[in-house]
RNA sequence: GGAGCGGACUGGAUGGCCGCUGGCCGAGCGUUCGUUUAAGCCGCCAUAUCGGCUUUCAAGAACCUCGACGAGAGGAAAGUCCGGGCACCGCAGGACAUGGUGAUGGGUAACGCCCACCGACCGCGAGGUCAGGGAAAGUGCAACAGAAAGCAAACCGCCUGAGGAUUCAACGCCGGAGCGAUCCGGUCGAAAAUUCUCAGGUAAGGGUGAAACGGUAAGGUAAGAGCUUACCAGCAGGCCGGGCGACCGGUCUGGCUAGGCAAACCCCACCCGGUGCAAGGUCAAACAGGAAGCAGCUCGCCGCCGAAGGACCGCGUUCCUUCCGGCGCGUGCGGGGCGCGGUCCGUGCCCUUAUCGACUUCCGGGUGGACCGCUUGAGGCGGCGAGCAAUCGCCGUCCUAGAGAAAUGGCCAUUAACCCCGUGGGUCUUCCCCAGGGUACGGAACCCGGCUUAUAGGUCCGCUCCAAGC
RNA sequence: CGGGGUGUGGCGCAGCCUGGCUAGCGCGUCUGGUUUGGGACCAGAAAGUCGCAGGUUCAAAUCCUGUCACCCCGA
């Protein structure tokens with residue numbers, strides 16, 4: 001917690017496309033908050049729940065159930081989504097908590113998530129704005 | 001060359017860019033913490049000391065940022081089927097229940113695992129599969145078929161004896177018909193056959209069935225039967241030999257048979273306290289809850305006792321009041337309800353009899369957070385030795401993932417090996433060559449030893465059978 | 001991490017404990033009848049490796065072992 005307070009300026013880290021732990025959702029309360037807001041967007045690949053977090057950066061949470069497949073398939077999904085979040089975080093809206101849920105069983109190509117995730121995040125932002 | 005059996009190993013490589021986790025080293029004007037050096041101010045003034053504050057100096061710790069270095073999923077990490085380590089709880093000890101295991105000997109921390117060996121079955125063989133004993137303790141089960149499914153009985157049959165009935169050829173006799181051959185009827189006796197009843201013997205034979213109280217042969221008998229004999233199979237006991245032992249081989253004797261199922265209940269021997277790293281420990285918070293109210297002061301309410309006053313002149317009684325005093329305040333016995341641990345034993349919570357809060361201090365379950373537990377271990381590799389082996393001993397050497405909404409990755413390039421696919425091409429039939437495509441199962445969650453299951457392929461070793469040649 | 005349950009025609013279930021009987025019931029499907037036709041009704045029929053693999057037994061859906069898949073519960 002102290003790290004965020006002491007280093008609020010993460011512009012340099014964004015330039016380096018880092019994925020630090022503070023950009024992740026790690027608490028049950030954060031997930032509950034995102035789900036209770038009941039604001040979601042989806043396409044054929046992903047389902048995203050969103051909620052404003054009041055921070056100068058977005059945060060990512062993953063929810064990959066056993067229906068997706070075995071541990072190998074679930075790990076593959078989580079790594080792809082994390083990679084997509086890492087590469088596209090500069091294009092993301094600021095101050096959103098995103099809970100990302102895969103919809104299909106077969107993990108897609110990285111480029112598909114790379115295209116899908118920012119689009120869904122912007123739709124979440126527009127729904128939360130008014 | 002073909003078919004097959006057993007075992008061991010392996011589970012792609014190189015490079016580029018961008019990331020993640022933890023380790024170590026270095027740097028930093030970063031933040032915090034306490035220590036230290038010096039100065040100033042404050043505690044009426046001065047000095048010394050002490051305390052506090054500000055600035056400063058130095059080194060340090062934790063965190064953060066940056067940089068460098070080296071490390072980072074498996075043979076099954078899986079399923080969670082066994083066994084342990086470790087941790088906490090419980091325990092004087094135990095009984096019962098439940099559960100598990102089951103030839104023998106060994107290995108091991110331990111095991112339901114492993115090794116060796118014994119037995120049964122399967123296979124031409126290399127080899128594979130299975131498993132305790134008890135049905136000559138008890139209770140039970142066996143559909144259908146069959147006389148009968150467990151105890152020996154006796155439905156048919158076979159045989160003997162007694163009694164009865166029936167049938168009948170020939171012969172004899174009598175009577176009748178006929179000229180006669182002959183025919184018809186009756187009758188006696190003997191033999192025979194069939195059948196019934198009763199009494200007895202017997203279990204050789206009987207469609208069945210998974211299974212029917214040894215098999216074959218000879219004798220024997222009224223008929224038969226281990227009734228007797230020989231051989232074979234099997235049982236029990238003794239002796240001899242081998243083996244630590246399970247057991248094996250041989251021999252003698254006995255009696256002639258004692259069926260199957262205990263992965264049906266059960267009997268016998270052995271094992272087992274519970275919970276599991278979300279174990280458990282440390283730290284700081286907030287909120288319930290519990291305990292104590294003491295040393296200078298507790299307060300309110302309730303109950304009881306006392307005191308004072310009043311209703312009533314005195315005493316007594318009853319009732320009411322109180323900036324009055326003391327005691328008690330949730331304990332104990334009993335009852336009820338709901339639970340927990342396998343049961344006994346025991347125990348938790350709530351309610352009732354019957355009736356508490358505020359405040360202070362202390363304790364503090366559970367929850368969420370941080371840290372520890374957390375990876376050096378029944379450890380890996382190599383050598384030597386013991387042992388048939390599993391395994392063990394000694395010596396040397398190495399340190400090799402530690403996450404926590406959960407790291408060990410993403411994109412790309414080149415490439416090895418084998419096989420497959422089927423498209424195109426090359427003398428498209430095989431073979432061969434080139435280009436193209438595909439190539440597994442599966443992700444550490446406290447740690448080990450096993451088991452089981454999944455698995456593209458590849459490498460190696462030992463062995464068996466068949467065929468051909470020499 | 002610990003505990004429990006289920007798997008049987010296309011669907012939902014019974015049978016399993018205590019082994020043997022034609023593996024049964026409802027819905028559905030098909031055929032025929034009835035009706036002008038349909039529904040309803042009547043009659044008949046088809047369809048089941050009892051999740052899989054071993055074992056015990058004369059005999060296994062049932063008993064035992066292993067295994068696969070799915071579901072539920074507690075922390």
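Annotations
- Qualifying position, being over 16 Å from residue A:116 (Cα atoms), without any contact (Cβ under 8 Å) to a residue 12 or more places away in the chain and surrounded by fewer than 18 Cβ atoms within 10 Å (Cβ to Cβ), among A:74, A:66, A:37: A:66
- Residues within the stretch A:10-31 that are in a helix (DSSP H, G or I), surrounded by 11 or more Cβ atoms within 10 Å (Cβ to Cβ), modelled with pLDDT of 70 or more and near RNA strand B (Cβ under 7 Å from one of its atoms), tallied: 1
- Selection from the stretch A:87-98 of residues that are touching a strand residue (DSSP E or B) at 6+ places or on another chain (Cβ under 9 Å) and either part of a helix (DSSP H, G or I) or near RNA strand B (Cβ under 9 Å from one of its atoms) (or both): A:89
- Residue A:54 meets each of the listed conditions (1) touching a helix residue (DSSP H, G or I) at 6+ places or on another chain (Cβ under 9 Å); (2) closer than 16 Å to residue A:129 by Cα; (3) assigned to a loop (DSSP other than H, G, I, E, B) apart from (1).
- Of the residues contained in the stretch A:45-62, none is found to be free of Cβ contacts under 8 Å to residues at least 24 places away in the same chain and either closer than 19 Å to residue A:127 by Cβ or surrounded by 15 or more Cβ atoms within 10 Å (Cβ to Cβ) (or both).
- Some residue of the stretch A:96-103 being farther than 17 Å from residue A:124 by Cα and over 10 Å from the mean Cα position of the chain (by Cα): yes
Okay, residues lined up against (1) at pLDDT below 85; (2) more than 11 Å from RNA strand B (Cβ to nearest atom); (3) outside any helix (DSSP H, G or I); (4) out of contact with any strand residue (DSSP E or B) (no Cβ under 8 Å at 6 or more places or on another chain):
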{"site": "A:67", "(1), (2), (3), (4)": "yes, yes, no, yes"}
{"site": "A:75", "(1), (2), (3), (4)": "no, no, no, yes"}
{"site": "A:79", "(1), (2), (3), (4)": "no, no, no, yes"}
{"site": "A:100", "(1), (2), (3), (4)": "no, no, yes, no"}
{"site": "A:108", "(1), (2), (3), (4)": "yes, no, yes, yes"}
{"site": "A:117", "(1), (2), (3), (4)": "no, yes, no, no"}
{"site": "A:124", "(1), (2), (3), (4)": "no, yes, no, no"}
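The values are calculated or read from the model by the stated rules, or taken from the named source; none is laboratory data. No experiment lies behind these values; they were computed from the predicted model shown. For neighbour counting, all protein chains shown are included, and Cβ atoms are generated from backbone atoms with ideal geometry for every residue, glycine included.
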